[in-house]
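Below you'll find the structure, written out as structure tokens, and then a few comments.
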Amino acid sequence: MKFAAIKGKMGIWDYYVSVLTFGDVANYVSPITEEISNSESYSNLLQRSITSNVEDIKEYLLKQNERFFNAIVLAVYNGDPKWNELEIDLELFHSYSVGFLEFTGEEIIFPVDGQHRVAGIKDAIAENPVLESQEVPIILIGHQNTSRGKQRTRRLFSTLNRRAKKVDDNQIIALDEDDVVAIITRDMAENYPLFSGFRLIDTNTKSMPIRNTTAFTNLLTLYEVNKILYSYKAKCQGMTQKQIEKYLYYRPDENDINMYSSFILEYWDSFSEGLPIIKEYLTLNEDEAEKKSYRGNEGGNILFRSMTLSQFTEAVIRCSHDKDISLQDTIRLFSKIPMTLQEKPWKNFFWLEERKNISGRIGKDILQSMILFLVDRTLLKEAEERKLVNYILSQRDLDVSSYQSILDELNSYALT
């Protein structure tokens with residue numbers, strides 16, 4: 001096997017940059033072996049650890065015409081690989097780093113970075129042999145099958161796999177052209193009134209900055225809420241949970257994008273029109289919004305907190321489905337529940353008055369149960385109601401003898 005390459009050096013590593021066809025990867029690249037892991041059991045463990053992603057990569061290669069991978073790092077040992085360099089002399093440019101590698105076929109080649117991609121390539125061409133001629137960039141390094149060499153290769157393996165920085169969720173939302181939720185979220189961030197200007201901010205987490213008291217929410221929370229809406233609509237279309245998640249990896253056709261977009265916009269239109277606090281907020285400029293204290297160290301409105309906004313949406317969807325009423329009518333119903341954080345029932349439940357912040361102990365399911373209870377107690381399952389009341393008992397250091405009194409208190413704030 002011969003192929004053109006460029007030679008380079010970084011740190012202790014001499015390396016060669018080239019391409020292999022998918023067919024070559026299938027024929028010549030082996031799984032991680034005990035030569036790097038020191039024992040067969042560790043080798044098997046490494047193999048088992050990569051299986052979860054392989055199916056997704058295979059599907060990506062089979063379905064995405066705009067497929068592309070970054071370079072796979074391959075280690076080579078045994079055999080008798082030869083580097084044949086070519087002298088390049090073009091006017092002011094002179095180099096010996098270009099040439100071709102020649103392998104005997106006895107070499108052992110295994111992935112140091114790109115195990116999932118290698119396995120995905122093999123599975124994809126097994127299903128569609130036409131892909132064999134596709135080419136993937138590779139970086140080749142030399143592996144020494146000695147104690148010192150194994151240690152050196154293991155260190156490179158862990159560096160490339162453990163210390164690689166994950167792409168920020170914000171960047172995925174901003175750039176992903178396959179994820180239908182990201183596509184819709186970007187469009188809303190640019191064009192929808194509730195998320196224009198100061199009303200939507202970009203943060204590293206879903207939590208809102210303490211000092212920002214004017215924005216409605218942040219990009220990550222908007223994406224989260226839109227994903228809740230997308231997932232419900234997809235479920236109504238007959239998708240399983242696994243299909244719902246996988247669907248986000250491949251750009252749907254424009255009809256599907258429009259379908260999901262219409263449903264998500266229907267929710268936000270109903271939200272903007274059906275909630276008096278949001279209608280008021282939309283009429284204000286930034287200075288006026290700051291004076292209203294929708295969110296701050298004195299509490300504010302539950303809808304201006306990221307965690308509550310997502311669970312409010314989950315509750316709306318659930319109520320709309322269970323009662324078979326429109327999103328618009330459901331949100332009008334929800335608009336009547338108490339929403340001021342520093343007042344009961346939220347005070348010392350979700351909002352801790354002494355600390356002037358929201359509780360870090362409360363779970364999303366408890367929060368959603370409270371919202372549903374306030375709208376209509378019958379929307380809750382018996383186990384959910386019991387968990388809600390028991391949480392409040394634990395918060396107040398009360399025993400089970402106070403169970404009915406907590407229920408009576410909750411009922412006093414509920415609509416029905």
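The values are calculated or read from the model by the stated rules, or taken from the named source; none is laboratory data. The structure displayed is predicted, hence computed values, not measured ones. Methodologically, a virtual Cβ is constructed for each residue, glycine included, from the backbone with ideal geometry; neighbour enumeration extends over all protein chains shown. Accessible surface areas use protein heavy atoms only, side chains included; no ligands, DNA or RNA. Shrake-Rupley method; radii C 1.70, N 1.55, O 1.52, S 1.80 Å.
Taking the stated definitions as given, is Ile210 aliphatic (A, V, I, L, M), assigned to a loop (DSSP other than H, G, I, E, B) and within 19 Å of Ser306 (Cβ to Cβ)?
yes
List the helices (runs of 4 or more DSSP H) that sit entirely inside the range 307-416 and contain at least 1 residues that are touching a residue at least 40 places away in the same chain (Cβ under 8 Å) and closer than 25 Å to Ile278 by Cβ.
327-334, 364-375, 403-413
List pairs: first in the range 216-228 and closer than 17 Å to Ile278 by Cα and among the β-branched types (Val, Ile, Thr), second open to solvent by 20 Å² or more (accessible area, probe 1.4 Å) and at pLDDT 95 or above, Cβ under 7 Å, 6+ apart or cross-chain?
Partner pairs satisfying both residue conditions: Thr217/Leu200.
Hey, Lys206 hits all of (1) touching a strand residue (DSSP E or B) at 6+ places or on another chain (Cβ under 6 Å); (2) in contact (Cβ under 8 Å) with a residue 60 or more places away in the chain but one; which does it fall short on?
Answer for Lys206: the failing condition is (1).
Going by what's in this entry, would Thr203 be described as touching a helix residue (DSSP H, G or I) at 6+ places or on another chain (Cβ under 7 Å) and under 17 Å from Ser272 (Cβ atoms)?
In short, no.
Kindly indicate whether any position in the range 132-139 is closer than 24 Å to Asn65 by Cα, outside any strand (DSSP E or B), open to solvent by less than 20 Å² (accessible area, probe 1.4 Å) and at pLDDT 90 or above.
no
Please list, ordered by first then second residue, the pairs with beta carbon atoms under 9 Å, 6 or more apart or interchain, first in the range 248-264 and of a type in the set (A, V, I, L, M, F, W, C), second open to solvent by less than 20 Å² (accessible area, probe 1.4 Å) and not in a helix (DSSP H, G or I).
Sorted first by the residue in the range 248-264, then by its partner, the pairs are Leu248/Asp179; Met259/Pro252.
Can you tell me how many residues in the range 163-205 are part of a loop (DSSP other than H, G, I, E, B), among the charged types (D, E, K, R) and in contact with a Phe, Trp or Tyr (Cβ under 9 Å, 6 or more places away or on another chain)? Walk me through how you get there before you give the answer.
Initial filter on the range 163-205 (part of a loop (DSSP other than H, G, I, E, B)): 163-168, 176-179, 192, 196, 202-205.
Now restrict to residues that are among the charged types (D, E, K, R): 163, 165-166, 168, 176-179, 202.
With in contact with a Phe, Trp or Tyr (Cβ under 9 Å, 6 or more places away or on another chain) added as a condition, the list becomes 178-179.
Matching residues across the range 163-205 total 2.
Residue by residue through the range 379-393, note down the ones that are out of contact with any Phe, Trp or Tyr (no Cβ under 9 Å at 6 or more places or on another chain) and more than 16 Å from Glu314 (Cα to Cα).
Listed by number, the residues that qualify are Glu382, Ala383, Lys387.
Within the group Glu245, Glu266, Glu273, which residue is surrounded by fewer than 18 Cβ atoms within 10 Å (Cβ to Cβ) and either modelled with pLDDT under 95 or touching a Ser or Thr at 6+ places or on another chain (Cβ under 6 Å) (or both)?
Of Glu245, Glu266, Glu273, the one residue that is surrounded by fewer than 18 Cβ atoms within 10 Å (Cβ to Cβ) and either modelled with pLDDT under 95 or touching a Ser or Thr at 6+ places or on another chain (Cβ under 6 Å) (or both) is Glu245.
Would you mind stating whether Glu286 is more than 19 Å from the chain's Cα centre (by Cα), touching a residue at least 24 places away in the same chain (Cβ under 8 Å) and under 28 Å from Pro345 (Cα atoms)?
So Glu286 does not fit the description; no.
Check off (1) open to solvent by 30 Å² or more (accessible area, probe 1.4 Å); (2) within 29 Å of Gln342 (Cα to Cα); (3) not small (Gly, Ala, Ser) for Arg295 and give me the number that stays unchecked.
Looking at each condition in turn, Arg295 falls short on (1).
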